[in-house]
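Everything below concerns the one structure shown next.
The values are calculated or read from the model by the stated rules, or taken from the named source; none is laboratory data. Remember, it's a predicted structure, so these values are computed and weren't measured experimentally. Cβ sites come from the backbone with ideal geometry, for glycine too, and all protein chains shown count toward neighbours.
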Amino acid sequence: MGVKRFRRDPGERYRLDDFDPSDNGGIESKNAGRRYLKDLQGRLNELQQVLYAEGKHSILIILQAMDCAGKDGTIRHALSSFDPQGASVTSFKVPTEEERAHDFLWRIHKAVPRQGQIAIFNRSHYEEVLVVRVKGLKPEETWRGYYDHINAFEKLLTDSGVTLLKFFLHISPQEQAERLRERQERPDKQWKFRPGDLEDRGLWPQYMEAYEEALSRCNTPRAPWFVIPADRKWYRNVAVSEVLIETLEGLNMGYPKPVVNIQDYKISPVF
Ligand code: ADP
């Protein structure tokens, strides 16, 4: 069944209750998971090298999640498989004054990767139908129109050779509570603690409803959403890596052919 278990067909409704956040994909131990992850990392590294060398496709990875679900950890892990020259990360925060003075996709479009590159978005244009909707930051008639704009924008990208992969890191409220407590208690994690996270936690059902609508309405064959079980950090990394590998393999990439007959060039043994 492969990575299809993390997604729904276009047009089908995503119900988050159908996805188990503590799924381990049948891998019984964390150690076995970690060993498997090493193999996946090796394969990802090979595939990224071909992507970079071939310079034909670009990959855009979008990460969305509730707080503490592991966006930062996923980025750290993914980047450890990539050559930094071929990868970038952009984090989208509360829009600045300048960003607010443009359309909502302006800041997003500028960060879309060029051919040969992989870009990871830590949050994205989806915030406009998530936090904006849940907290009422814009009138409903405004954000309601955004689903169509998002689909049109993503179609432009996929028609232009960008492969989009959208991940919702699916954590349970119980696991989030554990991780928030850890942030309160551990000196090396306290810097991440924000009172606003508790406010968002209080709006859990509203967020899940907003996620379900965004995932269901903006899920196309070339820009699919994946619901990644995120209660176990190692399995979250396994699942994301599996999706990436399957997608990159599906691009049938190859190293470019030499532009000259290489054997004609003699390399002199001395200077
Ligand atoms: P993170 O939680 O991603 O590690 P921060 O703690 O700095 O980073 O949070 C970024 C904040 O920016 C989040 O609360 C997020 O909801 C908010 N944000 C991102 N994009 C938008 C947007 N388009 N409109 C309003 N708020 C946004």
Single unsatisfied condition, ARG76 versus (1) over 22 Å from GLN41 (Cβ atoms); (2) charged (D, E, K, R); (3) within 13 Å of the ligand (Cβ to nearest atom); (4) without any contact (Cβ under 8 Å) to a residue 12 or more places away in the chain: (1)
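So which residues in segment 243-262 are under 17 Å from LEU51 (Cβ atoms) and assigned to a helix (DSSP H, G or I)? Spell out the reasoning first.
Step one: filter segment 243-262 for residues under 17 Å from LEU51 (Cβ atoms), giving 243-257.
Once the filter is applied, which keeps residues that are under 17 Å from LEU51 (Cβ atoms) and assigned to a helix (DSSP H, G or I), segment 243-262 yields VAL243, LEU244, ILE245, GLU246, THR247, LEU248, GLU249, GLY250.
Is it fair to say GLU154 is out of contact with any Phe, Trp or Tyr (no Cβ under 6 Å at 6 or more places or on another chain) and within 11 Å of the ligand (Cβ to nearest atom)? Quick ask: steps written out before the conclusion?
Working: out of contact with any Phe, Trp or Tyr (no Cβ under 6 Å at 6 or more places or on another chain): yes; within 11 Å of the ligand (Cβ to nearest atom): no.
Answer is no for this residue.
Go through segment 59-79 residue by residue and tally those that are modelled with pLDDT of 95 or more and surrounded by fewer than 21 Cβ atoms within 10 Å (Cβ to Cβ).
5
Could you list, in sequence order, the residues of segment 11-62 that are among the charged types (D, E, K, R), part of a loop (DSSP other than H, G, I, E, B) and either more than 20 Å from ARG222 (Cβ to Cβ) or in contact with a helix residue (DSSP H, G or I) (Cβ under 6 Å, 6 or more places away or on another chain) (or both)? Steps first, please.
Initial filter on segment 11-62 (among the charged types (D, E, K, R)): 12-13, 15, 17-18, 20, 23, 28, 30, 34-35, 38-39, 43, 46, 54, 56.
Right, trim to part of a loop (DSSP other than H, G, I, E, B) and you get 12-13, 15, 20, 23, 28, 56.
Selection gives ARG13, ARG15, ASP20, ASP23, GLU28.
Against the condition surrounded by fewer than 19 Cβ atoms within 10 Å (Cβ to Cβ), under 19 Å from ASP72 (Cα atoms) and at pLDDT 95 or above, how does ALA152 come out, does it pass?
Numbers: surrounded by fewer than 19 Cβ atoms within 10 Å (Cβ to Cβ): yes; under 19 Å from ASP72 (Cα atoms): no; at pLDDT 95 or above: yes.
No; evaluated as a whole, the condition is false for this residue.
Quick one: would you say LYS135 is among the charged types (D, E, K, R), near the ligand (Cβ under 9 Å from one of its atoms) and surrounded by fewer than 18 Cβ atoms within 10 Å (Cβ to Cβ)?
Working: among the charged types (D, E, K, R): yes; near the ligand (Cβ under 9 Å from one of its atoms): yes; surrounded by fewer than 18 Cβ atoms within 10 Å (Cβ to Cβ): yes.
Here the answer is yes, as LYS135 does meet what is asked.
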Subset of segment 206-220 that is in a helix (DSSP H, G or I) and polar (S, T, N, Q) - its residue that is farthest from the ligand (Cβ to nearest atom): SER216
Counted residues, segment 78-119 - those being outside any strand (DSSP E or B), touching a Leu at 6+ places or on another chain (Cβ under 7 Å) and aliphatic (A, V, I, L, M): 1
From GLN184, GLN176, residue being part of a helix (DSSP H, G or I), of a type in the set (S, T, N, Q) and within 13 Å of the ligand (Cβ to nearest atom): GLN176
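I need the full set of residues from segment 187-205 which are part of a helix (DSSP H, G or I) and within 13 Å of the ligand (Cβ to nearest atom), in order please. Full working, then the answer.
Narrowing segment 187-205 to residues part of a helix (DSSP H, G or I): 190-192, 195-202, 204-205.
Result: TRP191, LYS192, PRO195, GLY196, ASP197, LEU198, GLU199, ASP200, ARG201.
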Scope segment 112-132; condition closer than 30 Å to ALA53 by Cα and either within 13 Å of the ligand (Cβ to nearest atom) or of a type in the set (Phe, Trp, Tyr) (or both); matching residues: ILE120, PHE121, ASN122, ARG123, SER124, HIS125
Residue count, segment 1-34 (criterion: over 18 Å from the mean Cα position of the chain (by Cα) and either among the hydroxyl-bearing types (Ser, Thr, Tyr) or surrounded by 12 or more Cβ atoms within 10 Å (Cβ to Cβ) (or both)): 14
Every pair of residues 6+ apart whose Cβ atoms lie under 9 Å, when the first sits in segment 180-204 and is under 12 Å from MET66 (Cβ atoms) and in contact (Cβ under 8 Å) with a residue 12 or more places away in the chain while the second is outside any loop (DSSP other than H, G, I, E, B) and away from the ligand (no atom under 14 Å from the Cβ): ARG201/PRO173; ARG201/ALA177; TRP204/PRO173
Conditions (1) in a helix (DSSP H, G or I); (2) within 20 Å of the chain's Cα centre (by Cα); (3) surrounded by 19 or more Cβ atoms within 10 Å (Cβ to Cβ); number of the one not met by TYR147: (3)
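Criterion first (out of contact with any Leu (no Cβ under 6 Å at 6 or more places or on another chain), surrounded by 15 or more Cβ atoms within 10 Å (Cβ to Cβ) and over 27 Å from ARG43 (Cα atoms)) does GLN184 satisfy it?
Details: out of contact with any Leu (no Cβ under 6 Å at 6 or more places or on another chain): yes; surrounded by 15 or more Cβ atoms within 10 Å (Cβ to Cβ): no; over 27 Å from ARG43 (Cα atoms): yes.
So GLN184 does not fit the description; no.
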Candidates GLU127, GLU54 - the one that is among the acidic types (Asp, Glu) and closer than 30 Å to PRO258 by Cα: GLU54
